[in-house]
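Input: a single structure, listed below in structure tokens.
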6 protein chains.
Amino acid sequence: MLRTDGRNDDVLRDIRITRGYQQWPAGSVLVEFGNTRVLCAASVTEGVPRWRAGSGLGWVTAEYAMLPSATHTRGDREAVKGRIGGRTHEISRLIGRSLRACIDLAALGENTIVIDCDVIQADGGTRTAAVTGGYVALADAITWLGAAGRLADPKPLACAVSAVSVGVVDGRVRLDLPYEEDSRAEVDMNVVATDAGTLIEVQGTGEGATFARSTLDKMLDFALEGCAELNRLQAEALALPYPGVLPEPKPKKSRS
Amino acid sequence: MLRTDGRNDDVLRDIRITRGYQQWPAGSVLVEFGNTRVLCAASVTEGVPRWRAGSGLGWVTAEYAMLPSATHTRGDREAVKGRIGGRTHEISRLIGRSLRACIDLAALGENTIVIDCDVIQADGGTRTAAVTGGYVALADAITWLGAAGRLADPKPLACAVSAVSVGVVDGRVRLDLPYEEDSRAEVDMNVVATDAGTLIEVQGTGEGATFARSTLDKMLDFALEGCAELNRLQAEALALPYPGVLPEPKPKKSRS
Amino acid sequence: MLRTDGRNDDVLRDIRITRGYQQWPAGSVLVEFGNTRVLCAASVTEGVPRWRAGSGLGWVTAEYAMLPSATHTRGDREAVKGRIGGRTHEISRLIGRSLRACIDLAALGENTIVIDCDVIQADGGTRTAAVTGGYVALADAITWLGAAGRLADPKPLACAVSAVSVGVVDGRVRLDLPYEEDSRAEVDMNVVATDAGTLIEVQGTGEGATFARSTLDKMLDFALEGCAELNRLQAEALALPYPGVLPEPKPKKSRS
Amino acid sequence: MLRTDGRNDDVLRDIRITRGYQQWPAGSVLVEFGNTRVLCAASVTEGVPRWRAGSGLGWVTAEYAMLPSATHTRGDREAVKGRIGGRTHEISRLIGRSLRACIDLAALGENTIVIDCDVIQADGGTRTAAVTGGYVALADAITWLGAAGRLADPKPLACAVSAVSVGVVDGRVRLDLPYEEDSRAEVDMNVVATDAGTLIEVQGTGEGATFARSTLDKMLDFALEGCAELNRLQAEALALPYPGVLPEPKPKKSRS
Amino acid sequence: MLRTDGRNDDVLRDIRITRGYQQWPAGSVLVEFGNTRVLCAASVTEGVPRWRAGSGLGWVTAEYAMLPSATHTRGDREAVKGRIGGRTHEISRLIGRSLRACIDLAALGENTIVIDCDVIQADGGTRTAAVTGGYVALADAITWLGAAGRLADPKPLACAVSAVSVGVVDGRVRLDLPYEEDSRAEVDMNVVATDAGTLIEVQGTGEGATFARSTLDKMLDFALEGCAELNRLQAEALALPYPGVLPEPKPKKSRS
Amino acid sequence: MLRTDGRNDDVLRDIRITRGYQQWPAGSVLVEFGNTRVLCAASVTEGVPRWRAGSGLGWVTAEYAMLPSATHTRGDREAVKGRIGGRTHEISRLIGRSLRACIDLAALGENTIVIDCDVIQADGGTRTAAVTGGYVALADAITWLGAAGRLADPKPLACAVSAVSVGVVDGRVRLDLPYEEDSRAEVDMNVVATDAGTLIEVQGTGEGATFARSTLDKMLDFALEGCAELNRLQAEALALPYPGVLPEPKPKKSRS
């Protein structure tokens, strides 16, 4: 019993990772999970937020947003509504936490990296695409900082991070749900994992349904395999040279 | 190796559930997990939000907040700041989702129940206490609606819901963390479960740390045992008579 | 002609003052005027707001709020609406002004005390209960500061402050109105007074009605007697020892 | 011992009332208490706010604001800050309550009158000037509605309303304080009264000071005499013809 | 073919410029273009905004607003709505840009001048009246600063600035449109010019219509003649002495 | 004397227009003016805003925004700041006005088209690129509505609309300024024109500089030639077939 798009239950959609999508940020990656397209940009600033100044530690944070035109029915612009919605907050915090798990903030030195994840087109799994693409943008920003001689220690990244969704649809556990499956899933789970096979975040939810522990176990199996495949694709993308001009190793003021 | 408060790793703090704490709401429960105290009030209104009207389905939602004086260092009032913070949004949504998982909204009929969870004193685990106490307040509101003859079907609650935190502290998996442990936990997880032993929500996070799948398994073991004990205490509390005057079975306009 | 609750016109409801209600704030008092219950917490911070820094003077301010579940019909949460309402502002300012009238801010030294007055249950007279309970919480915070050796002068409190409502209901002047009377009062007045019998604030209003000066005089008579009784009950409550552990007299950084 | 401006303690400043100051609103009055200048405009709309629709009752409300350039030091614009301050709320509510006390809302019929009180120049007593001028603007709006044949009953105004400030300065009770006295007053009181000599609102405050009941009595004596004089000047101004073109007695849609 | 008010197509309405309208600001001008009346106040503060501090340059900015009672139908108050509308922003920025074009900010020294333009009565052309009156208020503030000895250089004003509206109504190009013409104009243009005949700003718009370049040329002819006449009236008004008491040439802290 | 990028003064940058960039909106166009890239999406909804309902007229409006990562230095997100800035408002209004000038809203019927213009990469001229690309997206949305049989009249577009910037840089009039020129331009002008050679909007500004009328004339010459070239490129792009699947001519509910 195949899925609408012909995949087996445990197979990812087509994944594409394009580095150097924009010219200004130190890292800029367009990540695609099937029709889901997210632009992940890593902007670097010298210094850290005030509450952290003088600690010697850097800071990594993320902001997630959806273009109004990204969804099937146009969504209202949060800037026009004058407030960030609860879902946006939740996802921004998830991305930030996930990427901080892989970086040694002391090695980063007192630099701030903001990862902007703007969804260009939404078809399910935007937050997991954002984590996966955000990691690649972060890696490019680290390369940029290294070239500029601004890292406290040359290797701040301890591991690679990827994420994928998994759920129960039509009573079957399935990996990497497009919107058509996601919108009718009985259970929905997002898993963030490292290339060492350890977990960073597990969020499983049954709205209007509950699930057995054995189902949770099978979802984790699928998700960890999916993350391993994503790690492989990240590594492949990062094996290419830095897509732009790296700075000279003199003290520069800021680049965003 | 005991914990600061003398408990074994897999033991809950002292739990107290006091029904009928306020006079106006249909359900009002003070729940205490050790020094954590949360007031959970279930207010009933006839009708449902506009986007749901005419569907025959009811609605259950939750709002979580912290009194400024509840924490060790006074917190700013969100009403004064003019916006709900990301953490507050996330927890409100979690409580609402968790309680909706146990209720048949068609049986509820076109009534709305708002569960207000106001933290009087915070010492770790306020969100899981809120879910646990919120269920008892919800059960009282259902009793109230039943007495008033306003349910579409007499038994809308399909199961009982409780929640507990679990984490890794000092390298050991521990249940029901107080603030002192929570603030230095390497991994932090919240589990919402039913009295049938199934899961509603699993949220595990390692900020600045990752965790093995075997650790996740052990955390789930502890959490499911904790939830079972909480279900027992909820049932005990609900075995007592409704703490107040039930309405006559005539159509009433509203009670909040 | 007795009132619904059997009281004479010039008699207060049952008053209860419970100190040490919460563990973290330096002062925490639950005050009850009949079914009206207000939690008054006095949190201490070292230093003063920027506009006051370097003056040698301390600062006392208050924030009043109502739990959504405190009223007969559930009230919307001001944090969700994103703004503080006019009534809330007015009452917060009244409480702050009233408590500042009794304290020598030079003797307080450059410390800030915030009095949070959160209404747990509303049945008329919440603002006057808040002033009355807020004074007791303030007195405990002063004791705490004194023990910590952080006062510029040992006796900053010049007098005790209490408040009570009075109004014209059914053509009769009545003291300490519950909601049932307050909602149909022709004239409504709040009086804040000291234990020396002097006045701090008098606010009398006739919405949709006017009142003679002789009525004002009689309302003042009742209110001043009511305040004297409240002062007696405050003194009784404060005669008990400080409900918690006082700090050592070394310079501490902050306690809230 | 005369005051800085040469007045005796119980004498008003020069009062000027100019009707017809603007061309669009049904009533538009510039009121001056010495250097304090407030523009009071009464705008009429057919219909009432939704919560009042179908009741047969009209509605009167007020909005108070200060031009940034009205004060000695320029004030920030509340629209730029994005929120109405507590003081502005308090005064708007006071003006609205005071003017509603003199009007029979059933006689007004389902019309809304908004009284905008914009302070052009501030020199103490802006809120009492606003009430005093607001009454005259309201009277003009009533005349306008009567000419248009839109009143439910021809005489909705039951009495005239005026207001004045009084305080204790340099230990002496003084009437109608300019900024120079107001800013150092030990006690500050605002009194709203009718031309029948009855009271509508009494607000007396001692910030950082308390006051004896006998002082309150003397302040009331001065204020009631001041209000009587203001009532005389209002009547004088209103004895002149309506300053503009009155509508024909046909049903008109709206005028603001 | 004359216009409703009898003017020829290329003639301004009656223009009146009244200096010294308020007592506190360094410049305060009531400007009238027919029935349009705008109060322009120039308030001076020592120092500049933070992003400019230490540059040696001064700053001039403007805030435009409309009284609710200024328009035919009462407008909602932006402070109550909690946000500045797009039109208000646009006009404030236009006034600020226009007045900065005539001033040497280095000669001004590190002083800030805020020009508040509050519309008392609106009948078309409020933004161009605001620029025209704002220039006169600015000139008075410069005189005030010069008297106080606080200018870096004695002549910061390089030219005079005025503005006027012009449009196409009933197929004819017309100058200085009142509301009755403005509301049905096919093309609407605002021109800001100097007394040297050069341009500062040209904003021409056809909403729901387009216009030929030859029409643009004729509109510019009319507008430049109108501005020249306005410059003559500004010079006439400024030929009178400063309307108030100038400061002594000692270093003063601030005046607003 | 050539420009930094080698162009003559009156030559446009490389222009690229890509239709069908996103899958959901009825029109979705990526427009590029050199390194400036703007995504213009036209979303269709049945019905019109409430203030317009029942008029038989349609509505076209625009919202402009900048991705935080689009600029050289990362910009703050307006949704996070909680308010739309003045510049964003101004540009959104300009785009909406410009596109409404070319469309017959009666022929559109009671449909709403929202044009979202999100800047992916900024290098000067983002607002004129947005107008130019927005017109192409609008044309696609009209084609879509026509195929669906939802237009009141088959040809609502009366003309094509394009826009370009022009300015004075280094004393020379230059067309289509990149950021490097724009940031130091003495005069900056935006011109919106139709393919009939008529004008829709002219906005010329000299901040800190004024300009002669002859300069204005030369800027208009350059701009009108630039717009004619842009019209040619728009027509070329629109000569290709509709990039997606057109709906069947049955009444459909909505597409965004």
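The values are calculated or read from the model by the stated rules, or taken from the named source; none is laboratory data. Model, not experiment: these values are computed from the prediction. With ideal geometry, Cβ positions are generated from the backbone for all residues, glycine too; neighbour counts draw on all protein chains shown.
Take C:Gly124 and tell me if it is farther than 24 Å from C:Asp140 by Cα, in a loop (DSSP other than H, G, I, E, B), touching a residue at least 24 places away in the same chain (Cβ under 8 Å) and more than 11 Å from chain B (Cβ to nearest Cβ). So C:Gly124 fits the description; yes.
Checked against (1) under 17 Å from D:Ser98 (Cα atoms); (2) not in a loop (DSSP other than H, G, I, E, B), D:Gly167 passes all but a single condition, namely (1). I want to confirm something. Restricting to the stretch E:1-43 and keeping residues that are over 22 Å from the mean Cα position of the chain (by Cα) and among the aliphatic types (A, V, I, L, M), which single residue is modelled with the lowest pLDDT? Filtering the stretch E:1-43 for residues that are over 22 Å from the mean Cα position of the chain (by Cα) and among the aliphatic types (A, V, I, L, M), the one modelled with the lowest pLDDT comes out as E:Met1.
Tell me yes or no: at least one residue of the stretch A:94-116 is over 11 Å from the mean Cα position of the chain (by Cα), within 11 Å of chain F (Cβ to nearest Cβ) and over 19 Å from A:Pro154 (Cα atoms). Yes, the stretch A:94-116 contains a residue that is over 11 Å from the mean Cα position of the chain (by Cα), within 11 Å of chain F (Cβ to nearest Cβ) and over 19 Å from A:Pro154 (Cα atoms). Picking from residues in the stretch C:163-175 that are in contact (Cβ under 8 Å) with a residue 24 or more places away in the chain and out of contact with any helix residue (DSSP H, G or I) (no Cβ under 6 Å at 6 or more places or on another chain), the one that is farthest from C:Arg37 (Cα to Cα) is C:Arg172.
Every condition in (1) crowded, with 22+ Cβ neighbours inside 10 Å; (2) in contact (Cβ under 8 Å) with a residue 24 or more places away in the chain; (3) polar (S, T, N, Q) holds for A:Thr88 except the one numbered (1).
Quick grid of which residues meet (1) polar (S, T, N, Q); (2) in a strand (DSSP E or B); (3) closer than 20 Å to F:Asp118 by Cα:
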residue	(1), (2), (3)
A:Asp5	no, no, no
A:Ile17	no, yes, no
A:Leu39	no, yes, yes
A:Thr45	yes, yes, no
A:Gly56	no, no, no
A:Ala65	no, yes, yes
A:Glu90	no, no, no
A:Ile95	no, no, no
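Just checking, how many residues over the stretch F:171-184 are at pLDDT 95 or above and in a loop (DSSP other than H, G, I, E, B)? The number of residues fulfilling the criteria is 3.
Looking only at the stretch A:145-158, residues that are within 14 Å of another protein chain (Cβ to nearest Cβ) and modelled with pLDDT of 95 or more come to 2 in all. I'd like to check something: does the stretch A:61-81 contain any residue that is aliphatic (A, V, I, L, M) and modelled with pLDDT under 95? Looking through the stretch A:61-81, at least one residue is aliphatic (A, V, I, L, M) and modelled with pLDDT under 95. Looking only at the stretch C:210-228, residues that are of a type outside the set (A, V, I, L, M), closer than 14 Å to D:Thr198 by Cβ and either within 7 Å of chain D (Cβ to nearest Cβ) or in contact with a Leu (Cβ under 9 Å, 6 or more places away or on another chain) (or both) come to 4 in all. Within the stretch D:189-199, take every residue that is closer than 17 Å to C:Leu220 by Cβ and either away from chain C (no Cβ under 11 Å) or of a type in the set (Val, Ile, Thr) (or both) and give me the one that is surrounded by the most Cβ atoms within 10 Å (Cβ to Cβ). Only one residue tops the list, namely D:Val191.
With respect to B:Glu46, determine if the residue is of a type outside the set (Lys, Arg) and over 20 Å from the mean Cα position of the chain (by Cα). Step through it out loud before you land on a result.
Details: of a type outside the set (Lys, Arg): yes; over 20 Å from the mean Cα position of the chain (by Cα): yes.
In short, yes.
Checked against the criterion of being farther than 29 Å from C:Leu138 by Cβ and without any contact (Cβ under 8 Å) to a residue 12 or more places away in the chain, the stretch B:62-85 contains one or more residues that satisfy it. I'd like to know if the stretch A:227-247 contains one or more residues that are at pLDDT below 95 and touching a Cys at 6+ places or on another chain (Cβ under 9 Å). For the stretch A:227-247, residues at pLDDT below 95 and touching a Cys at 6+ places or on another chain (Cβ under 9 Å): absent.
State yes or no: is F:Leu224 within 20 Å of the chain's Cα centre (by Cα), surrounded by 17 or more Cβ atoms within 10 Å (Cβ to Cβ) and in contact (Cβ under 8 Å) with a residue 40 or more places away in the chain? So F:Leu224 fails the test.
Which is in contact with a helix residue (DSSP H, G or I) (Cβ under 6 Å, 6 or more places away or on another chain), surrounded by fewer than 22 Cβ atoms within 10 Å (Cβ to Cβ), closer than 30 Å to D:Asp9 by Cβ and within 14 Å of chain C (Cβ to nearest Cβ), of D:Glu186, D:Glu207? Explain how you work it out, then say what you get.
Values: D:Glu186 fails: in contact with a helix residue (DSSP H, G or I) (Cβ under 6 Å, 6 or more places away or on another chain).
Going through D:Glu186, D:Glu207 in turn, just one is in contact with a helix residue (DSSP H, G or I) (Cβ under 6 Å, 6 or more places away or on another chain), surrounded by fewer than 22 Cβ atoms within 10 Å (Cβ to Cβ), closer than 30 Å to D:Asp9 by Cβ and within 14 Å of chain C (Cβ to nearest Cβ): D:Glu207.
Can you spot a residue in the stretch A:63-80 that is more than 13 Å from chain F (Cβ to nearest Cβ) and either crowded, with 24+ Cβ neighbours inside 10 Å or more than 26 Å from A:Thr194 (Cα to Cα) (or both)? The answer is no; no qualifying residue exists.
Restricting the stretch F:1-56 to residues that are within 19 Å of F:Ala223 (Cβ to Cβ), touching a helix residue (DSSP H, G or I) at 6+ places or on another chain (Cβ under 8 Å) and not hydrophobic (A, V, I, L, M, F, W, C) leaves a set whose member that is nearest to the other protein chains (Cβ to nearest Cβ) is F:Thr36.
To keep it simple, each residue is scored yes or no on (1) of a type in the set (Lys, Arg); (2) closer than 19 Å to D:Asn190 by Cα.
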{"residue": "C:Thr198", "(1), (2)": "no, yes"}
{"residue": "C:Lys218", "(1), (2)": "yes, no"}
{"residue": "C:Phe222", "(1), (2)": "no, no"}
{"residue": "C:Pro247", "(1), (2)": "no, no"}
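Given the criteria away from chain C (no Cβ under 14 Å) and either of a type outside the set (D, E, K, R) or within 24 Å of D:Trp51 (Cα to Cα) (or both), does D:Val131 qualify? Before the answer, list the steps.
On the way: away from chain C (no Cβ under 14 Å): no; either of a type outside the set (D, E, K, R) or within 24 Å of D:Trp51 (Cα to Cα) (or both): yes.
No.
Contact map, the stretch D:24-44: residues that are over 22 Å from E:Trp24 (Cβ atoms) and of a type in the set (S, T, N, Q) paired with residues that are part of a strand (DSSP E or B) and at pLDDT below 95, Cβ distance under 9 Å, separation 6+ or inter-chain. Pairs shown: D:Ser43/D:Arg255.
Given the structure, is A:Ser162 in contact with a Gly (Cβ under 9 Å, 6 or more places away or on another chain), among the hydroxyl-bearing types (Ser, Thr, Tyr) and more than 24 Å from B:Leu216 (Cα to Cα)?
Values: in contact with a Gly (Cβ under 9 Å, 6 or more places away or on another chain): yes; among the hydroxyl-bearing types (Ser, Thr, Tyr): yes; more than 24 Å from B:Leu216 (Cα to Cα): no.
For A:Ser162, the condition - in contact with a Gly (Cβ under 9 Å, 6 or more places away or on another chain), among the hydroxyl-bearing types (Ser, Thr, Tyr) and more than 24 Å from B:Leu216 (Cα to Cα) - is not met.
Determine if the stretch F:233-252 includes at least one residue that is within 29 Å of A:Arg74 (Cα to Cα), among the small types (Gly, Ala, Ser) and assigned to a loop (DSSP other than H, G, I, E, B). Yes - at least one qualifying residue is present in the stretch F:233-252.
Return the residues of the stretch A:92-118 that are of a type in the set (Val, Ile, Thr) and surrounded by fewer than 24 Cβ atoms within 10 Å (Cβ to Cβ); say none if nothing qualifies. Lay out the reasoning, then the answer.
Filtering the stretch A:92-118 for residues of a type in the set (Val, Ile, Thr) gives A:95, A:103, A:112-115.
Within the stretch A:92-118, A:Ile103, A:Thr112, A:Val114 meet the criteria.
For D:Arg174, the conditions (1) surrounded by fewer than 24 Cβ atoms within 10 Å (Cβ to Cβ); (2) within 20 Å of D:Asp14 (Cα to Cα); (3) within 13 Å of another protein chain (Cβ to nearest Cβ) all hold with the exception of (3). Pull up the stretch D:1-10, narrow it to residues that are touching an Asp or Glu at 6+ places or on another chain (Cβ under 8 Å) and not basic (Lys, Arg), then point me to the one that is surrounded by the fewest Cβ atoms within 10 Å (Cβ to Cβ). Taking the candidates together, the pick is D:Thr4.
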